[in-house]
Structures are given as structure tokens and as C-alpha cells.
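Undergrad: Supplied in C-alpha cells, the structure appears directly below.
The values are calculated or read from the model by the stated rules, or taken from the named source; none is laboratory data. Just so it is clear, the model here is predicted, and its values are computed rather than measured. With ideal geometry, Cβ positions are generated from the backbone for all residues, glycine too; neighbour counts draw on all protein chains shown. Quick note on the areas: whole protein, heavy atoms, side chains included, nothing else; ligands and nucleic acids left out. Shrake-Rupley method; radii C 1.70, N 1.55, O 1.52, S 1.80 Å.
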Amino acid sequence: MSMNPLGSLEAFKMDVLKEVGNIGAGNAATALSRLLDKPVDMNVPTVSLIPFEQIADKVGGNEQVVIAVFLRVEGDAPGNLFFIIHEDSAKRLLRNLLSMDVLEEGYSEMEYSALGEIGNILAGSYLSSLADFTQLYLSPTVPAIAVDMAGAILSYGLVQYGEMGDSAVLIDTTFLEGKEEMAGHFFLIPDPESFNKIFSALGVPNE
Amino acid sequence: MIVDNVVKVGMADLKVAAGGAILKTTGLGSCVGLTLFDERCKVAGMVHVMLPTSEIAREASFNIAKYADTSIPHLIELMRQEGAEPARFVAKMAGGAQMFAFTTGSDTMRIGPRNVESCKRMLQRFNIPLLSEDTGLNYGRTVEFNSMSGMLTIRSVQQGVKEI
């Protein structure tokens, strides 16, 4: 049986977490639109208690190859933050941003480090707006980038949940670039113990 | 290959197959896909281990397929019930990668290598020889085990297809 770290007041707490995703990703979308000099929209975040097995389905399944920038959040409310994009979106981003002649297959050293830097900027702005909003001390590790199967990458962010159940709370926000679906996702997976800290920082009554 | 013959093993899951069916688990990162095989009666089992030991479990009743120390004994028992003889079992495994390299080497970050170590300890405890492995490094793997040939096929994005 999986335990729900959100406890009671579930619907209300889900709304608070949506707002957390909204503020974080909203700020990151602004950063991205400045980089691209183009409007970048995002969908309303979804917050769900999702079985491990289904998390990768959000980005095309366990074996879907994605580019992921991962950073571990330390400080008052630890958690895992992923910025995930599909390969065609990544190539488009590199073409638009750097006017690069990108490789058809694979990634050059330059492309790889540019993507890492984009992810770094976006994840950093997500996190800093979250820290401002909650007044919590949140300190990111140096981001790491990987191009690999979504299942292999995302399972890494589930270890903290594995010890207490078979599902995790996921705050998912999707980016859109103009009308084009950029298929960029922010996944924030706070550690189970972080919810009470986030809620009390935002004045949500504890049960 | 007949698609219907594929038995899917999820994350923190285990399955037994026989008579040529293929056991498959996808997107192994730090998780380990471990297979046991009794060649004489063609009974195979696969477990997708997520965590090294149930000592860290903070749940009252947990999924025993999730931890190396509880899933492997359970898989042995299920295969025995299918007529396999544990004394003949041989093992193979893949996965246990460290998907992201960090300088701060906390225990959580080393979860892949710890899963591999724990699986090996369990195999030693049950005297099951480990025939081959493709573990560690920093990339994801999808594995398929053929319950007729005992071959473990490993697919990865960077390294292509490997058979062990």
C-alpha cells in the first residue's frame, strides 16, 4: 500500500502545489522566452500521486529517448528537479537559440554543453522563484545532463519514495513555444518529508 | 519473435516464464534486472530490483519485489513452485547504472552500485553462480531474457545491442 504524503485537505493542497509549479515554471518560461526572443507559453501544471511505473508515460514511455537536466535540491525542502525535452525539440531549441547547424544524429560537444546550460538556466530560475515564493532556503546541486531512456532517467528521482511506497507526487508543467508544442517538461518531485515544510511556509494549516 | 510471448516485468516487479517465453523489462537506470534460469526444465525468472535492502523500508507492508533482499528469495520460491530446481539455477544481471555523476557522493546517488552489490550478496547466500553481468556505468538499459536459450539481450541508446 502506498502512503500519501499529502495527508488530508488533499484537493486544497494539490492546488497549492499547482501554484508552486506555476510560479516556478512561469519564471523559467520567461527566462526561456528571453533566450529565444520569442513568446513561450506553458500549460497549467498538473499535480498527481502517480505510480512509479507510469511516470515515464508522461514523456512517451520508459524507452523514449529524452534529454534531461537533473538537479537535486538541497536545503529546507529537498527534492528532485528534472527538465526534460524530446530530441526534436532540443534540436529546434539549438537552431533557434544558437543558429547552429545541428547534427542530424547525436550531439556535438558544443550542442551538449549548450543544452546543459539552457537546462541550468531554466532549472535555476524555476528554483529561485520557488525559494522567493516560499521563503525557504533551497540550494541546487550542479546540474547533470543525460541523453537516455526516460524510464532510466526518471527512476533516479524516485528513490526517496521507493522507501515508503510505489508512487510519487509529481508536479508537471509543459512548455509550449508559440503554437508549437515544445514538449518540454518540468518535473518537480519533492521528497516526502518536504511537503509539510512547503505547506507551512505557505501558511497551509497542518493536520 | 512472437509478440504475445513477451512477459512484461514492471518496475519493482517480478515474473516467472517458461517454454520459450521472453521476460522483458524496460528503462533500467539505477535499478537492476536480474534473471534466474534452470536450463534443464527451461524455467526462467526476472526481477526488476529498485532498492538494495528492505531494512530501509519505511512502509508497514511493502512490495517485496522492490528490494534485492526480499525479491530474490521470493523469485527462487516461485520458480521452485513451477518445477525448477534451485540447485541448478544460474544468474545473469544488467543495470545498476549511475545515471548522473555528482561530486557529492551521498548514498542515494550511489543507489545503482549498491543495488548490484546487494544482488550479488543474495546470489552468494543462495549459492547461485553469476554467469555474466552488464552493470554499472552511466546509461539506461532494456533487457530481454529468453527462457529457452537462457540468453540475456541488452539494449541501450549509446551502446546498441549486446548479448550475454
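Undergrad: Any idea what the dipole of chain A comes to, in debye rounded to 20, about its Cα centre with Lys/Arg Cβ at +1 and Asp/Glu Cβ at -1? It would help to have the intermediate numbers written out before the result.
TA: Values: 11 positive and 29 negative charges, 102 e Å.
Dipole magnitude for chain A comes out near 500 debye.
Undergrad: In this model, which of B:K42/B:K120; A:K91/B:K66; A:K91/B:K92; A:K197/B:K120 are farther than 27 Å apart at the alpha-carbon?
TA: Values: B:K42/B:K120 23 Å; A:K91/B:K66 37 Å; A:K91/B:K92 38 Å; A:K197/B:K120 39 Å.
Cα-Cα > 27 Å for A:K91/B:K66; A:K91/B:K92; A:K197/B:K120; rest within.
Undergrad: Using a Förster distance of 51 angstrom, determine the FRET efficiency expected from the C-beta separation of A:T30 and B:Q81, and round it to 0.05. Don't skip to the answer; put the middle values down first.
TA: Working: r = 59 Å, r/R0 = 1.15.
Taking R0 as 51 Å, the efficiency between A:T30 and B:Q81 is 0.30.
Undergrad: With a point put 7 Å past each Cα toward its Cβ, work out how far B:N127 is from A:N43 in nm, to one decimal.
TA: 5.6 nm
Undergrad: About its Cα centre, how strong a charge dipole does the protein assembly as shown have in debye, to the nearest 20, once Lys and Arg get +1 and Asp and Glu get -1 at the Cβ?
TA: Numbers: 29 positive and 45 negative charges, 158 e Å.
Approximately 760 debye in magnitude.
Undergrad: So, R0 is 25 Å and r is the distance between the beta-carbons of B:E39 and A:D57; what FRET efficiency does that work out to, to 0.05?
TA: 0.10
Undergrad: Another question about this same structure. Keeping every protein chain in place, order A:L154, B:L137 by accessible area at 1.4 Å, biggest value first, i.e. largest first.
TA: On the way: A:L154 5, B:L137 120 Å².
The ordering from most to least exposed comes out as B:L137, A:L154.
Undergrad: Another question, then. If I stretch the segment between B:K8 and B:I56 completely, what's the gain in nm (0.36 nm per residue apart, minus their alpha carbon distance), one decimal?
TA: Working: separation 48, 0.36 × 48 = 17.28 nm, distance 2.69 nm.
In short, 14.6 nm is gained.
Undergrad: Please state the shape class of region B:124-164: rounded when a/c is under 1.5, otherwise prolate if a/b exceeds b/c and oblate if not, all from the C-alpha gyration tensor.
TA: Details: a/c = 3.02, a/b = 1.44, b/c = 2.11.
Here region B:124-164 falls in the oblate category.
Undergrad: Dipole of chain B, Cα-centred, from +1 at each Lys and Arg C-beta and -1 at each Asp and Glu C-beta, to the nearest 20 debye? Provide the component values of the computation, followed by the final result.
TA: Details: 18 positive and 16 negative charges, 31 e Å.
Charge dipole, chain B, about its Cα centre: 140 debye, nearest 20.
Undergrad: Under a plain spin-label model, where a point goes 7 Å from the Cα along Cα-to-Cβ, how far apart in nm are A:Y112 and B:V90?
TA: For the pair A:Y112/B:V90, the computed spacing is 3.6 nm.
Undergrad: Antiparallel DSSP bridges in chain B: what percent, to the nearest 5? Let's see the in-between values first.
TA: Working: 31 of 40 bridges.
The antiparallel proportion sits near 80 percent.
Undergrad: Still on this model: How big is the B-A contact in terms of buried accessible area, both chains counted, 1.4 Å probe, rounded to the nearest 100 Å²?
TA: On the way: alone 8400 and 9650 Å², together 15300 Å².
Summing both chains' loss of accessible area gives about 2800 Å².
Undergrad: Same structure, new question: What nm distance separates the two modelled labels at A:E74 and A:S128, each placed 7 Å from Cα along Cα→Cβ?
TA: Inter-label distance under the simple model: 2.0 nm.
Undergrad: So what is the 222 nm mean residue ellipticity for chain A from helices alone, if each DSSP H run of at least 4 adds -39500 (n - 2.57) and you divide by all residues, rounding to the nearest 500 deg cm²/dmol?
TA: On the way: 7 runs with 86 residues, N = 207.
Calculated from helices alone, the mean residue ellipticity at 222 nm is -13000 deg cm²/dmol.
Undergrad: Full-extension gain between B:H74 and B:A101, please, as 0.36 nm times their residue separation minus the C-alpha to C-alpha distance. Can you show the working numbers first?
TA: On the way: separation 27, 0.36 × 27 = 9.72 nm, distance 3.28 nm.
Length gained, B:H74 through B:A101: 6.4 nm.
Undergrad: Would you mind giving the mean number of other chain beta-carbons within 10 Å of the Cβ of each residue in B:21-29, as a whole number?
TA: Details: counts 0, 0, 0, 0, 2, 9, 13, 5, 13.
That works out to 5 on average.
Undergrad: If you scale each eigenvalue of the Cα gyration tensor by 5 and take the root, what three semi-axes come out for the protein assembly as shown, rounded to whole angstrom and sorted largest first? Could the numbers behind the result be given before it?
TA: Details: eigenvalues 283, 122, 53 Å².
Working through the eigenvalues yields semi-axes of 38, 25, 16 Å.
Undergrad: Report the net charge of residues surrounding A:I50, where surrounding means a beta-carbon distance below 13 angstrom and charges are Lys +1, Arg +1, Asp -1, Glu -1.
TA: Result for the local shell: -3.
Undergrad: Just how much of A:R95 is accessible, in Å², when a 1.4 Å probe is used and the result is rounded to the nearest 10?
TA: Its heavy atoms expose roughly 120 Å² to the probe.
Undergrad: Here's a follow-up. Classify region A:112-203 from the C-alpha gyration tensor, please: rounded if a/c falls under 1.5, else prolate or oblate depending on whether a/b exceeds b/c.
TA: On the way: a/c = 1.67, a/b = 1.24, b/c = 1.35.
Oblate is the answer for region A:112-203, as a/c is 1.5 or above yet b/c matches or exceeds a/b.
Undergrad: Can I ask one more? Looking at region A:10-200 from every direction and averaging, what is the projected area of its Cα convex hull in nm²?
TA: Values: hull surface 40.6 nm².
Directional mean of the projected Cα hull area for region A:10-200 stands at 10.1 nm².
Undergrad: Here is a follow-up. Can you list the aspartates and glutamates whose alpha carbon is less than 14 Å from that of A:K13, not counting same-chain residues fewer than 8 positions off?
TA: A:E207
Undergrad: How big, on average over all directions, is the shadow cast by the Cα convex hull of region B:3-163, in nm²?
TA: Numbers: hull surface 37.7 nm².
Result: a mean projected hull area of 9.4 nm².
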